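Chemist: One structure is given below, represented as C-alpha cells, and several questions about it will come after.
The values are calculated or read from the model by the stated rules, or taken from the named source; none is laboratory data. For clarity, every value in this text was computed on a predicted model and none was experimentally measured. Here the Cβ positions follow ideal geometry from the backbone for every residue, glycine too, while neighbour counts run over all protein chains shown.
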Ligand SMILES: [Zn+2]
C-alpha cells in the first residue's frame, strides 16, 4: 500500500523510524511499522490499517475497573484533562472518544450540558446508563442533532488513535458554535521520554496509536478546518516514564510493575526535567534559574546602593525611596536574561492544545 501522510497528504518519501513494533501493552499479535513523512515530519504508522477494531479486542479503557486501577488512572489522567473551571453552568461540552467516561465523570455536577461520543456501541450504552448522560455511538445522528450548538469539544488522547484526523477536526468544527473551544491532548513523539525509550515508549502504543501530530501538525490541521491555535503547552503525565520502564525491564507492560514504578514517574515529573533536554542540561537549567534569582537580588541591591551614594542615605522619605529603587533593580534583573539553555523549547511527554473556532463559518 502506498504511503499518504495524514497531515500534509503528501504521498512521497518516508524514513523508517521503528520497524515491526510489537504490542507491548496488550500483547496482541500485531506488528506495525512507524515511518516519518519526509515532507512534514509526521511520525505515522505505515501502512495504515483498514480496520482498527481488532487492535482493541481487550482494551482495558473499556473494562470495568478495580478500585486501585480506577484510582491510579484518575491520578495519572486528571492532570491532562481539559480544565473546564472557567465555564459557566449550561455550557455544552462533548467528550469526543470518551473511553471509560473518566472525564465526563470528573466534570459532572457543575450544571454543564454533557455529551459523550464513543464509537463502540456497547461501551456507549453502558456509559450512558452509568453516567446518565447521552453518549452517542452513531456519529451521523450526533452531527445532525447538535450542529453548531456546542461550546467545548475535548479530544483527550484520541487524535493519535485515528486513521483520519481531518474527519475528527471537521466533525468537531461542525458541532461547535463560532468561538467554541476544541481541546486536544496528544502524546509528544519528539519528547525526552520518546527518545529515551524509543520503540518501548509507552505512548507509542503500537498498534493502536496511528500518528503523532506535533505542534506544527496540529496548527496545520487547525488552519485547514477553521480553527486558530489559541494556546498550547506541556501537560503532566507520569505514565510516559512509569509505564515504559516495565517494558524495558520485563519485555512488556505489567500493571503491578507499573504501579510500583509510578511514584518514580511522579518524581521524574516533579524533577521537571524538560523533555528534549538531556538530564545534564536540565540540571544546568535549574542552576541557571537559581543564579538568575541571585543576580536579580544583587542587581537590586546595587541600584539601591548607587541611589544612596547619589542622594545620601534617606531618612524621612526612606521607605518610598527604598521601594522605588528595589523595583527598578528587580526590573533591571528581569531585563538581564541568560538564554543559552532556556531558549530551547520545553518539551514533555504529552502536549495540550486549545483551538478556537473562527467566528466566520466556512462550512
Ligand atoms: Zn506529511
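Chemist: Can you name the condition, by its number, that residue 36 falls short on among (1) in a loop (DSSP other than H, G, I, E, B); (2) surrounded by 15 or more Cβ atoms within 10 Å (Cβ to Cβ); (3) within 13 Å of the ligand (Cβ to nearest atom)?
Modeler: All conditions pass for residue 36, except number (1).
Chemist: For residues that are part of a loop (DSSP other than H, G, I, E, B) and within 16 Å of the ligand (Cβ to nearest atom), tally how many sit in the stretch 2-33.
Modeler: Applying the first criterion (part of a loop (DSSP other than H, G, I, E, B)) to the stretch 2-33 yields 2-13, 23-30.
Those still in the list that are within 16 Å of the ligand (Cβ to nearest atom) too: 2-13.
Qualifying residue count for the region: 12.
Chemist: Given the condition part of a loop (DSSP other than H, G, I, E, B) and in contact with a strand residue (DSSP E or B) (Cβ under 7 Å, 6 or more places away or on another chain), answer yes or no: does some residue in the stretch 239-258 qualify?
Modeler: no
Chemist: Here's a follow-up. Filter the stretch 199-217 for residues that are touching a helix residue (DSSP H, G or I) at 6+ places or on another chain (Cβ under 8 Å) and part of a helix (DSSP H, G or I); which is nearest to residue 46 (Cα to Cα)?
Modeler: 204
Chemist: In addition: Test residue 116 against the criterion of being buried (at least 17 other Cβ atoms within 10 Å of the Cβ) and in the same structural domain as residue 179 (by TED's automatic domain parsing), and give yes or no.
Modeler: yes
This table checks each residue for (1) at pLDDT 90 or above; (2) away from the ligand (no atom under 16 Å from the Cβ).
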{"site": "41", "(1), (2)": "yes, no"}
{"site": "44", "(1), (2)": "yes, no"}
{"site": "51", "(1), (2)": "yes, yes"}
{"site": "61", "(1), (2)": "no, yes"}
{"site": "74", "(1), (2)": "no, yes"}
{"site": "80", "(1), (2)": "no, yes"}
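To keep it simple, each residue is scored yes or no on (1) at pLDDT 95 or above; (2) crowded, with 20+ Cβ neighbours inside 10 Å; (3) outside the structural domain of residue 181 (by TED's automatic domain parsing).
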{"residue": "94", "(1), (2), (3)": "yes, yes, no"}
{"residue": "110", "(1), (2), (3)": "no, no, no"}
{"residue": "125", "(1), (2), (3)": "yes, no, no"}
{"residue": "128", "(1), (2), (3)": "yes, no, no"}
{"residue": "131", "(1), (2), (3)": "no, no, no"}
{"residue": "152", "(1), (2), (3)": "yes, yes, no"}
